[in-house]
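Everything below concerns the one structure shown next.
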Amino acid sequence: LYFHSKSLSDEENLKLFGKCNNPNGHGHNYKVIVTVRGEIDPVSGMVINLTDLKEYMQEAIMEPLDHKNLDKDVPYFAEIVSTTENVAVFIWENLKKLLPMGTLYKVKVYETDQNIVVYKGEETI
């Protein structure tokens with residue numbers, strides 16, 4: 001990853017992103033937790049079949065992101081800074097297209113044990 005905003009000067013980028021503004025990039029091992037909600041199926045006892053959910057997560061998260069340089073290999077991040085916040089939005093948007101409507105509740109992305117982002121889509125306040 002290389003955190004760098006084109007709308008900021010080099011000095012401003014360094015001040016804002018610190019060591020994450022290294023032009024040679026740096027890597028992360030993210031952990032993602034997906035929460036679904038909805039009616040519990042009376043036959044299966046599940047909101048969504050876990051096998052299906054795993055397949056959706058494989059397609060929405062692992063295939064586009066696993067072992068990739070987000071800034072170079074993922075077109076979404078060509079113009080968007082690859083912060084953990086934006087990774088959470090990317091995952092949300094991909095999963096929302098695959099999951100049954102209304103079942104996606106929350107995406108939680110751990111960059112580290114101390115840096116965690118929770119995203120629940122666009123909410124109006």
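Some notes on this structure:
- Between ASN69 and VAL43, the modelled labels are 4.9 nm apart [label points 7 Å from Cα along Cα→Cβ].
- The 3J(HN,Hα) values that the Karplus relation (6.51, -1.76, 1.60; θ = phi - 60°) gives for the stretch 8-20 are, in residue order, 10, 6, 4, 5, 5, 4, 4, 5, 6, 9, x, 5, 6 Hz. Gly and Pro appear as x.
- The stretch 21-109, relative contact order [Cα under 8 Å, separation at least 6], %: 43 percent
- Residue-level accessible surface for GLU59, protein heavy atoms, 1.4 Å, Å²: 100 Å²
- Modelled label positions at VAL118 and ALA78, each set 7 Å beyond Cα in the direction of Cβ, lie 3.5 nm from each other.
- Counting heavy atoms of the protein chains alone, TYR110 has an accessible area of about 40 Å² for a 1.4 Å probe.
- Within the full protein context, the accessible area of ILE33 is estimated at about 70 Å² for a probe radius of 1.4 Å.
- Estimated inter-spin distance, THR35 and ASP52, nm [label 7 Å along Cα→Cβ]: 2.1 nm
- Rg and Dmax over the alpha-carbon atoms of the stretch 5-125 stand at 16.6, 59 Å.
- Axis angle, to the nearest 10 degrees, between helix 84-98 and the longest C-alpha principal axis of the chain: 30 degrees.
- Highest mobility in the GNM of the chain, judged by mean-square fluctuation with C-alpha springs under 10 Å and restricted to LEU50, LEU98, LEU70, is found for LEU50.
The values are calculated or read from the model by the stated rules, or taken from the named source; none is laboratory data. Just so we're clear, the structure is a prediction, and the values are computed from it rather than from any experiment. Here Cβ is always computed from backbone atoms with ideal geometry, including for glycine, and neighbour counts include all displayed protein chains. Quick note on the areas: whole protein, heavy atoms, side chains included, nothing else; ligands and nucleic acids left out. Shrake-Rupley method; radii C 1.70, N 1.55, O 1.52, S 1.80 Å.
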